[in-house]
Structure formats: C-alpha cells, structure tokens
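Written below as structure tokens is the structure these notes are about.
Just so it is clear, none of the values below were taken in a lab; they were calculated from the coordinates. This structure is a prediction, so every number in the text was calculated from the model and none was measured. FYI the Cβ positions are ideal-geometry reconstructions off the backbone, even for glycines, and counts take in every protein chain you see.
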Amino acid sequence: MATERYNPRTSEPKWQKAWAEKKLFEARNDDPKPKYYVLEMFPYPSGKIHIGHTRNYTMGDVVARYKRAKGFNVLHPMGWDAFGMPAENAAMQNKVHPKDWTYENIAVMREQLKMMGLSLDWAREFATCDVDYYHRQQMLFLDFVEKGLVTRKSSKVNWDPEDMTVLANEQVIDGRGWRSGALVEQRELTQWFFKITDFAQDLLDSLNLLEEWPEKVKLMQHNWIGRSEGLLIRWPLAKPVGDAHELEVYTTRPDTIFGASFMAVAADHPLARKAAE
C-alpha cells in the first residue's frame, strides 16, 4: 500500500508541463468534432489572483473538461481586461508606466492561473490593450458610425472622483464606487451612445432562448434593454426660457394627455437651471 504523502508542489507541475508540451488544450480550427466555446469574464490584471477568480475559472473549467469528455472540440481561451482608468491610476500611484504595470501584473497572474491546472488555450491569450485587439474594435466602431448606429450627445453619468472614471448603475453601491468606495457624483459629459433601441425587440426575444439562466439575471438584462413604446410630444412654452421655446416630453400614455394640467421638470433639468439664472 502506498504511504507517500501527496505533494501538489511536485506532482502538479509535472503533469501541467506534460499537458503544455502535448498542447492538449489548444483548440484546432480544422478539428472535425462538434465545436463548443467556453469563455469566462476576463480578469482585470490587478496583480494577484483571489478566491473570486478561482471560483469563477474553476466553474468554467469544469464545463470545458466535461464537454471535452463528451467529444467536443472545446475552445477555452484566456485574456485580460486591461484597459481603463484604474490601471492608469495604479500606475501613477506606483510611479511606473501603465504598460509596464499592466504587463508585469499579467505575467504574475498568468503563472498563478497556470498553477491552478485550468484547461485553458494559452495560445490564444491576449490583452484588451494589445494593438492587434483594440484596432479591430476601432474598425468596428467606425463601421457603426458610418451606418448611423452611434450618436454623440450630452448626458448625466455616475462619476467616481477617485478612480476618475464613469460607473454603470450596477457599480454604484449605496452611493459609492464599487472599487474605490468614493462618493459618486452626477456629472454631465458628452459621450457616444449605441442605438440599442434599434435592436431592443430582438434582444428581448433572445432572452427567451436562455432557458437555464437565472431569472434575476434575465430580469436585469430585460431592464437594461428597457424597451418601451410611446410618443415624444413637444409642448410650446408660454414664455421662452433662454433659447428654448418648447419642452419635449416622452410618454407611454399619449391617450391621457388631454387630462394633463401642468408639466414638472427635475431640478437639474436644463430648463430649470436656465430659469433660475
């Protein structure tokens, strides 16, 4: 009977090296087996892997290995969500170039992930700050502009004064930034908007195909798409306010307009600010 105690520090590197040499987890494009794609959300290269990462990528790896065992040609890649103000701020704090800080962190985290023995196709690894990646995004964006699928206008945003970046509503927790903990401010910035409304119904219909998704996640997506039907109605002002001569109102119940007795605008509405001057 074997009595030697299992030592992961010697056993696991041995087999991980063998996997890498045989390229066991590299997906071939010409493989005749049915294809299956597994992609977990890319990690932000903060410099270290934490328990949340291990949970996330272990679950994805279970699916990838299961599908391989079932005869699928599985593509299970890894990348790095490396762009953004947090990386730039961290580089300034550490007095290094953002590129050096980012790629050094990626090198550390790559080795940590490899120690986990995940069945990842490292041959397809990339970072979102790689020119080969983001120049394709720039090409796509220009295509969207040419086809009229993006517009540029001013709008309120959640501004994190510490990370100096815009936050989604889901990233604001009790009025504070999810990463920095700073009090979030409302700022008006000029920005680009994708015309998601042009595809709202297709997106909503597609949610019905996600039979095994949690209902709360589908509801979150449903609310994010936010499709509604209504009319934009322009009301002439009795007296001009600055250069404005009318108030534009969106309503889902135009049939009730005849019962309207007044219109109210928010305190931060441009008309309210102009009238207060």
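Check the stretch 147-165 and report whether any residue there is among the aromatic types (Phe, Trp, Tyr) and either loosely packed, with under 11 Cβ neighbours inside 10 Å or in contact with a strand residue (DSSP E or B) (Cβ under 8 Å, 6 or more places away or on another chain) (or both). So far as the stretch 147-165 goes, yes, one or more of its residues are among the aromatic types (Phe, Trp, Tyr) and either loosely packed, with under 11 Cβ neighbours inside 10 Å or in contact with a strand residue (DSSP E or B) (Cβ under 8 Å, 6 or more places away or on another chain) (or both). A single entry from Val63, Val108 fulfils the requirement of being touching a strand residue (DSSP E or B) at 6+ places or on another chain (Cβ under 9 Å), within 30 Å of Arg28 (Cα to Cα) and surrounded by fewer than 18 Cβ atoms within 10 Å (Cβ to Cβ): Val63. The set of residues in the stretch 184-223 that are surrounded by 13 or more Cβ atoms within 10 Å (Cβ to Cβ) and closer than 29 Å to Ser46 by Cα comprises Val184, Gln221. Of all residues assigned to the stretch 28-50, none qualifies as being closer than 21 Å to Lys114 by Cβ, exposed (fewer than 10 other Cβ atoms within 10 Å of the Cβ) and over 25 Å from the mean Cα position of the chain (by Cα).
Residues being farther than 30 Å from Ser46 by Cα and exposed (fewer than 11 other Cβ atoms within 10 Å of the Cβ) are entirely absent from the stretch 170-181. Filtered by the rule that a residue be part of a loop (DSSP other than H, G, I, E, B) and either surrounded by 11 or more Cβ atoms within 10 Å (Cβ to Cβ) or in contact (Cβ under 8 Å) with a residue 24 or more places away in the chain (or both), the stretch 224-248 gives Gly226, Arg227, Ser228, Gly230, Gly242.
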